[in-house]
Amino acid sequence: MKVKGFLKDVGGASRITKARISAIDNASPVPVKVDPIHEVAYALHPGRIELVVTDIRPANSTCKTVRLQAADGRRLPLFRAGQYIVLDFQIGDSLVSRPYSISSAPLCTVGEDSFVEVTVRSGDGKLFVSDYVWNELKVGDHLSGIVGCGDFFYEPLRDAYHVVALAGGVGITPFASMAAEVAAGRLDIDLTIIYGAQRHDDIILWKELAPLEGEHVHFVHVISGEDPDWQGERGFITAELIKKYSHEDTTYFVCGPQPMYLHLYKEFDKLDLPARRVRFEVFGPVKDISQYEGYPQEAKGKTFALTVVRGIHEDVIPVRADESLAVALERAGIRIETGCRSGECGFCRSKVLSGHVYVSPVSDGRRAADKDFGYVHACAAYPLSDVKLKVPIL
Ligand SMILES: Cc1cc2nc3c(=O)[nH]c(=O)nc-3n(C[C@H](O)[C@H](O)[C@H](O)COP(=O)(O)OP(=O)(O)OC[C@H]3O[C@@H](n4cnc5c(N)ncnc54)[C@H](O)[C@@H]3O)c2cc1C
Ligand code: FES
């Protein structure tokens, strides 16, 4: 900015002050109800919002779809088809978060009845949050959540017009959102969803998806188990099958359980595609950290002390060697921001002040500088000794 000289600047400032006073004096006494800047900021960067469960219904015999709306009745923020929501749950003394791909289309957030839906697989009595969602969550419950996380979405500047989506199990959810958006003419791509399932009645969300099949949305089910009546593709998703449904220039999106990824990494190797054409969604925490290369086996089964530093406040909590630092914090009811729980997003970035940790080699999304300066992503770091950890104050 140009400095015009002391007297001119003071004169200018006093003219602005007078103009402001006059604008305030002449303003309408009726309070402003609509603030467009605030509305745009909320739509783009809403942060954590209060949600209420307005519907729960079966998606098939193993999954339930949960509808969420803003507790204050506002329109939900924008997101891109394929992104996930992070939901917070208070379960007993634990304060935990989990990511869920949004199974409804972005178009469902438009209008009065603005909502998002997630489709959650049953935990069969073995999983902590899934079981809570299945057995205890009910219509009218309040949850907080962050809508629209992750970069698993179609981007026309980067991706090809022809998209082949490969899904397994509940990994169909981001593609259900994309398919609805394409069918409504809001996403200009040609989408083929190849879905691997054991039997045809295992297909999740089929009642919602079947009517979307059309000019630009195609479904290929690949059945791997005993299913005598099945007429379509059989076996596992192989390189040949992927090729059969591909165009010359195709972008591939993959979402499913970790074993499916291990199988598909090999199949994609056979296709020898440019890396930018194949996108895998993050898969969450690894099942057994002790099986990864370099993990010191003597740590298995041990429990260590985790000193948690938040500003001047310190707590000492137990942390099991087979659980990440983020899980230990959540078990103790200490809030830690998490998003992907796969080491990618950096929401849970924390600093190790002392002690040793093992960072999951398949979930180490840290920046080089963070590695040099002792930062870890708490969702992907496992204790090998007593640890002192500085976490962001929330
Ligand atoms: C990007 C993304 C999208 C996803 N989308 C979907 C989806 O659409 N649908 C779906 O069903 N799932 C989805 N998931 C998986 C989902 O996030 C959860 O992993 C899944 O619901 C299972 O969670 P869980 O806690 O029940 O079980 P687990 O993931 O197995 O978690 C159990 C964890 O909880 C810890 N734990 C056990 N007891 C406690 C306690 N008392 N306090 C604190 N922690 C404890 C355990 O140590 C363990 O680490 C997605 C995951 C990712 C990464
Ligand atoms: S939650 Fe994403 S990096 Fe830890």
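The values are calculated or read from the model by the stated rules, or taken from the named source; none is laboratory data. Treat the numbers as computed from the prediction; the structure is a model and nothing was measured. Cβ atoms come from the backbone with ideal geometry, glycine included; neighbour counts cover every protein chain shown. Ligands, DNA and RNA are excluded from the accessible area calculation, which covers all protein heavy atoms including side chains. Shrake-Rupley method; radii C 1.70, N 1.55, O 1.52, S 1.80 Å.
Could you list all residues from the range 65-87 that are surrounded by fewer than 22 Cβ atoms within 10 Å (Cβ to Cβ) and over 30 Å from Val34 (Cβ atoms)?
Hit for the range 65-87 is Thr65, nothing else.
Report every pair of residues separated by at least 6 positions or lying on different chains whose Cβ atoms are under 6 Å apart, first residue within the range 274-302 and in contact (Cβ under 8 Å) with a residue 24 or more places away in the chain, second assigned to a strand (DSSP E or B).
Sorted first by the residue in the range 274-302, then by its partner, the pairs are Arg277/Thr251; Val278/Tyr252; Arg279/Phe253; Phe280/Val254; Glu281/Cys255; Ile289/Tyr382; Tyr295/Tyr358.
Could you check Tyr154 against (1) surrounded by fewer than 19 Cβ atoms within 10 Å (Cβ to Cβ); (2) outside any strand (DSSP E or B) and say which number it fails?
(1)
Might you check whether a residue that is away from ligand 2 (no atom under 16 Å from the Cβ) and either in contact with a Pro (Cβ under 6 Å, 6 or more places away or on another chain) or at pLDDT below 95 (or both) occurs anywhere in the range 137-146?
no
How do the strands (runs of 3 or more DSSP E) wholly within the range 341-394 filter down when requiring 1 or more residues that are within 17 Å of the chain's Cα centre (by Cα): which remain? Let's see the steps before the verdict.
On the way: elements: 349-354, 357-359, 375-377, 381-383, 387-390.
Strands (runs of 3 or more DSSP E) meeting the threshold: 349-354, 375-377.
Which condition does Gly225 not pass, out of (1) farther than 25 Å from Val278 by Cβ; (2) part of a helix (DSSP H, G or I), if it passes all the others?
It is condition (2) that Gly225 fails.
Please work out which residue is nearest to Ile85 (Cα to Cα), limiting yourself to the range 31-60 and to residues that are open to solvent by 100 Å² or more (accessible area, probe 1.4 Å), of a type in the set (Val, Ile, Thr) and not in a helix (DSSP H, G or I).
Looking at the filtered set, the residue picked out is Val34.
Name every residue in the range 304-323 that is part of a loop (DSSP other than H, G, I, E, B) and either of a type in the set (Asp, Glu) or under 13 Å from Val391 (Cβ atoms) (or both), in order of residue number.
Gly311, Asp322, Glu323
Within the range 85-98, is even one residue within 13 Å of ligand 1 (Cβ to nearest atom) and in a loop (DSSP other than H, G, I, E, B)? First the steps, then the outcome.
Keep residues of the range 85-98 that are within 13 Å of ligand 1 (Cβ to nearest atom), which gives 85-98.
Now drop any that are not in a loop (DSSP other than H, G, I, E, B), which leaves 92-93.
Checked against the condition, which is being within 13 Å of ligand 1 (Cβ to nearest atom) and in a loop (DSSP other than H, G, I, E, B), the range 85-98 yields at least one hit.
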